[in-house]
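Only one structure is covered here, and it is reproduced in the block below.
The values are calculated or read from the model by the stated rules, or taken from the named source; none is laboratory data. The shown structure was predicted, so the numbers you read here are calculated from the model rather than taken from an experiment. Here the Cβ positions follow ideal geometry from the backbone for every residue, glycine too, while neighbour counts run over all protein chains shown.
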Amino acid sequence: MGSWPWGRMADECDVHLVPIVSAEGCVYCRRFLADAPPGSAMTEGARLEELEQWLAARLSVPAELLYRRIEELVGRRISLSELEDPDLLLQRARGPRRAWDWDDW
Ligand SMILES: [Zn+2]
């Protein structure tokens, strides 16, 4: 999968303010992800809010887990290069749905 644009996992969760002591990541974030509703069941506002939170925080769970969640929130597949520019990713997620990023539909 190559190198994760956000680098190594943080030593503390920015959301829950607990130390991250293992490669599993923040236990609260993991619990949240395990129970998180599918993107299709969330309002657009809720999806964007959660997306913004993940993008603003340092990596608190294994990258693959978060990557999947972000795709769920954005509602489409994303590329790693998009993660290098979180502002643009958010902007696209917010903007009108255009054909070029909805090729799964
Ligand atoms: Zn956390």
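Numbers for the structure displayed
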read-out	value
Any hit, region 38-55, residues being within 13 Å of the ligand (Cβ to nearest atom), in contact (Cβ under 8 Å) with a residue 24 or more places away in the chain, farther than 17 Å from L80 by Cβ and in contact with a Leu (Cβ under 9 Å, 6 or more places away or on another chain)	no
Helices (runs of 4 or more DSSP H) lying entirely in region 21-82 (those with 1 or more residues that are modelled with pLDDT under 95 and more than 12 Å from the chain's Cα centre (by Cα))	44-56
In region 13-33, residue nearest to the ligand (Cβ to nearest atom) [restricted to those that are aliphatic (A, V, I, L, M) and under 14 Å from L59 (Cβ atoms)]	V15
